[in-house]
Amino acid sequence: MKRSLLILAVIAIAAILLGLALDPRSYGVRVLCLILMAAALGQAWNIVGGLANQISLGHAAFFGIGAYTSTVLQVQFELTPWIGMPIGAVLAAVAAGAIALPTMRLKGPYFALATLAFGEICRIGAQAMSGVTGGPQGLSVPFYGDSLAMMQFRQPGAYVPLFAALFFLVSAVFAVMSHGRLGYMLRAVRENEEAAEVTGIDTVRIKLTGAIISAACTALVGGLFAQFTFFIDPDTVFSTTEISIRAALIAIVGGVGLLWGPIVGALFVVLVEEFLNSTLSDALPGISPFLFGVALVVIVIARPEGLVSFRHLVTDRFGKKGKEA
Amino acid sequence: MSEPLLSVSDVTVRFGGLKALNEVAFTVGEGEVIGLIGPNGAGKTTCFSTLVGLNRPKSGSIRFQGQEMVGSKPHRVARAGMTKTFQNTALFPGMTLYDNVLTAALGHEPLAQARETATRCLRDLHMEEAGDLAVEDMTFPQRALGEVARALATSPKLLLLDEVMAALTPAEMDEVIATILRLRDSHGIAFVVVEHHMKAIMKLSERILVLNFGELIASGTPDEISSNPAVIEAYLGAGHDD
């Protein structure tokens, strides 16, 4: 575990250094932020989706709660997101607990559909509560000028350390959980719930704990996203496709249940998507999302274990070479 | 202690219209080894599942160490000290044997202690070398014994073994019997053992319970059971195919 944490720290620091090397206003720095955010989002999802194998398609609910909580608190009370984001995480945790109790007995597609519906309910709820959320028109983060205290900056480059820190935090939570008591128990519940109960594991409590931690991490990502974009609306932060499915997709494409899965997944998803968008979007409308979709389908069919599993190809080859030499 | 370790009274379990267990009653004393036999479908596995809380009986009482267990979830029963193994083995796939045993120990103690417990439980069953095996790579007898090791890691007072010797050679069976008796002597664990091999059951058990069509038809020492007309009827009458 120490080694995993060390590697995570190295990745985070490397990302910060890369951010410093790039022009802080450049497209590249923006992509770097998006990759780190995607990795954090996928990793947060990986806690329940991977360790407990509960394929949630409603994580946008927690992302949106996180984004709205810190933004609303800034708009209404000028409260700094340094406090607002943790409050959002707590609210998301409460929401996760509330939704987990009725849904945790559901399996596979039924769980996925129930969580998906929950995400949609949150989106519709945010649209309806226009007094607080600004409704469908959305909400702008008030700009106070470059300020670390208010967690806002004119240049995207300044966000790189924040995204890198959040990426490290969420990944470290996953690593510690995965190697610890909770990780063993979540995996046991995933593999055989009845046997887990009979061996003394409180499966309900374990699943609830996993769901709450996952939701809290997701809310933090949502909060920082709002600071980064300065504007949120229900269709963006509670989006089923752009947040919920994307979170699952990043983890699944990279390698579900594995620490390195969402990291590899985020690199792939964001880079391919941005590359296709920037090179092909003028050629033929709709061609870049189409090709992106095709690429994902090919990966999921060819590599159901995720891109991380290519690592074995590399190590196997090195192993063979080593023996020959 | 006045009350036995486990006392089961008038437990009835229904699956739809079928009475899987009908007013079953028996007791298990501390450190006792009891055999539970009966033809296929007699309700042996149902009996175990009900005892550990996986099935809820329609009526009756299951008192373990003086506490009523009916209505308790299986993890509570396990923490109280009663757990079972699974007949067709239900080790957690995608984990090593060691991690399986460790996970069970984590149910009641912190990681550092659980690691010691896991190592000790594997050693108790002479399975140290199999610890690193993935469940998928284990033979059936290894899995069955692995189940015992995992159950042992919950620090039980009463362990319900469901056909853990099913695929063993006679020599391996003798070894498991010796292990069970040793665990009884060293840890004071009581056992209820379901097994189809009569020789093993006779050798192991102080007392034998016989289930037939969900009813307890006999109970007694191995000698009493082997000469009991009702038992012979149940086995021979149903076609002696064991």
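The values are calculated or read from the model by the stated rules, or taken from the named source; none is laboratory data. Every value quoted in this text rests on a predicted model; they were computed, and no experiment measured them. Ideal geometry is used to build each Cβ from the backbone, glycine not excepted, and the neighbour counts take in all protein chains shown. When the accessible area is computed, the model is the full protein with side chains, heavy atoms only, and any ligands, DNA or RNA have been set aside. Shrake-Rupley method; radii C 1.70, N 1.55, O 1.52, S 1.80 Å.
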Criterion first (assigned to a helix (DSSP H, G or I), open to solvent by less than 60 Å² (accessible area, probe 1.4 Å) and free of Cβ contacts under 8 Å to residues at least 24 places away in the same chain) does A:GLY131 satisfy it? no
Of the residues in the range B:76-86, those that are under 17 Å from A:GLU193 (Cβ atoms) and either more than 7 Å from chain A (Cβ to nearest Cβ) or not basic (Lys, Arg) (or both) come to B:ARG76, B:VAL77, B:ALA78, B:THR83, B:THR85, B:PHE86
Take B:GLY60 and decide whether it is open to solvent by less than 20 Å² (accessible area, probe 1.4 Å), of a type in the set (Gly, Ala, Ser) and either at positive phi or within 13 Å of chain A (Cβ to nearest Cβ) (or both). no
Hey, B:LEU160 outside any helix (DSSP H, G or I), modelled with pLDDT of 90 or more and within 20 Å of the chain's Cα centre (by Cα) or not: yes
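Residues checked against (1) open to solvent by 50 Å² or more (accessible area, probe 1.4 Å); (2) acidic (Asp, Glu); (3) within 20 Å of A:TYR184 (Cβ to Cβ):
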| position | (1), (2), (3) |
| --- | --- |
| B:ALA118 | no, no, yes |
| B:LEU133 | yes, no, yes |
| B:MET138 | no, no, yes |
| B:LEU159 | no, no, no |
| B:VAL164 | no, no, no |
| B:THR169 | yes, no, no |
| B:ILE177 | no, no, no |
| B:ILE189 | no, no, no |
Check off (1) assigned to a helix (DSSP H, G or I); (2) away from chain B (no Cβ under 14 Å) for A:ALA149 and give me the number that stays unchecked. (1)
Test: A:THR279 is surrounded by fewer than 24 Cβ atoms within 10 Å (Cβ to Cβ), within 20 Å of the chain's Cα centre (by Cα) and among the β-branched types (Val, Ile, Thr): no
Conditions (1) within 7 Å of another protein chain (Cβ to nearest Cβ); (2) out of contact with any Pro (no Cβ under 8 Å at 6 or more places or on another chain); (3) more than 14 Å from B:ALA149 (Cα to Cα) -> B:LEU102 fails only (3)
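Here's the yes/no breakdown for (1) part of a helix (DSSP H, G or I); (2) closer than 30 Å to A:SER26 by Cα; (3) within 14 Å of chain B (Cβ to nearest Cβ); (4) small (Gly, Ala, Ser):
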residue	(1), (2), (3), (4)
A:ARG154	no, yes, no, no
A:LEU166	yes, yes, no, no
A:VAL173	yes, no, no, no
A:VAL176	yes, no, yes, no
A:ALA188	yes, no, yes, yes
A:ILE206	yes, no, yes, no
A:THR209	yes, no, yes, no
A:ALA215	yes, no, no, yes
A:VAL221	yes, yes, no, no
What's the number of the only condition in (1) open to solvent by less than 40 Å² (accessible area, probe 1.4 Å); (2) over 13 Å from the mean Cα position of the chain (by Cα) that A:LEU259 fails to meet? (2)
Please specify each residue of the range A:190-202 satisfying the condition of being at the interface with another protein chain (Cβ under 7 Å from one of its Cβ atoms), assigned to a helix (DSSP H, G or I) and either open to solvent by less than 20 Å² (accessible area, probe 1.4 Å) or within 20 Å of A:ALA92 (Cβ to Cβ) (or both). A:ALA195, A:GLU197, A:VAL198
Condition broken by A:LEU182, with the remaining ones in (1) within 14 Å of another protein chain (Cβ to nearest Cβ); (2) surrounded by fewer than 20 Cβ atoms within 10 Å (Cβ to Cβ); (3) without any contact (Cβ under 8 Å) to a residue 12 or more places away in the chain satisfied: (3)
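Results for (1) among the hydrophobic types (A, V, I, L, M, F, W, C); (2) in contact with a Leu (Cβ under 8 Å, 6 or more places away or on another chain); (3) surrounded by fewer than 18 Cβ atoms within 10 Å (Cβ to Cβ), shown as yes or no for each residue.
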site	(1), (2), (3)
A:ARG25	no, no, yes
A:ILE55	yes, no, no
A:GLY64	no, no, no
A:THR71	no, yes, no
A:PHE77	yes, no, yes
A:MET104	yes, yes, no
A:PHE111	yes, no, no
Of everything in the range B:105-147 that's polar (S, T, N, Q), more than 14 Å from chain A (Cβ to nearest Cβ) and part of a helix (DSSP H, G or I), which residue is farthest from the chain's Cα centre (by Cα)? B:THR119
